[in-house]
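What follows is a single structure, written as structure tokens, with notes after it.
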Amino acid sequence: MSLRAIHVIFITCSIILFLGFSYWTFNFAAKHSYNSYYIASVASCVSAIALLGYGCWFIKKTKNLIATE
């Protein structure tokens, strides 16, 4: 397995974990009325979106590198 594949798997797992954490904190905040958990939920969603963008950029960048070699 290449380093590129491991990197893509790690990014995918991180996105899934961020979204799961966001879901959990949102539900916890709704039950207990803690505003800090809403902030954590939004921050986690933003992080997942940023990682998705990074993942797309990384895949595009490494496809160009592999094609030129």
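What number comes out for accessible area per residue over the chain if the probe is 1.4 Å? Units Å², please.
Values: 5310 Å² over 69 residues.
So the chain comes to 77 Å² accessible per residue, rounded to a whole number.
Add -39500 (n - 2.57) for each DSSP H run of 4 or more in the chain, then divide by its residues: what number comes out at 222 nm, to the nearest 500 deg cm²/dmol?
Calculated from helices alone, the mean residue ellipticity at 222 nm is -33500 deg cm²/dmol.
Please list 6-15, 42-51 highest first by mean number of surrounding beta-carbon atoms within 10 Å per residue.
Ranking, from highest mean packing down: 42-51, 6-15.
Can you list, bin by bin at 10 Å, the percent of alpha carbon pairs in the chain, starting at 0?
Binned Cα distances yield the sequence 21, 37, 22, 14, 5, 1.
The values are calculated or read from the model by the stated rules, or taken from the named source; none is laboratory data. Please read all numbers here as calculations on a predicted model, not as lab measurements. Heads up, the Cβs are rebuilt from the backbone with ideal geometry, glycines too, and the neighbour counts pull from every protein chain shown. Ligands, DNA and RNA are stripped out before the accessible areas are found, and what is left, the full protein with its side chains, is counted by its heavy atoms. Shrake-Rupley method; radii C 1.70, N 1.55, O 1.52, S 1.80 Å.
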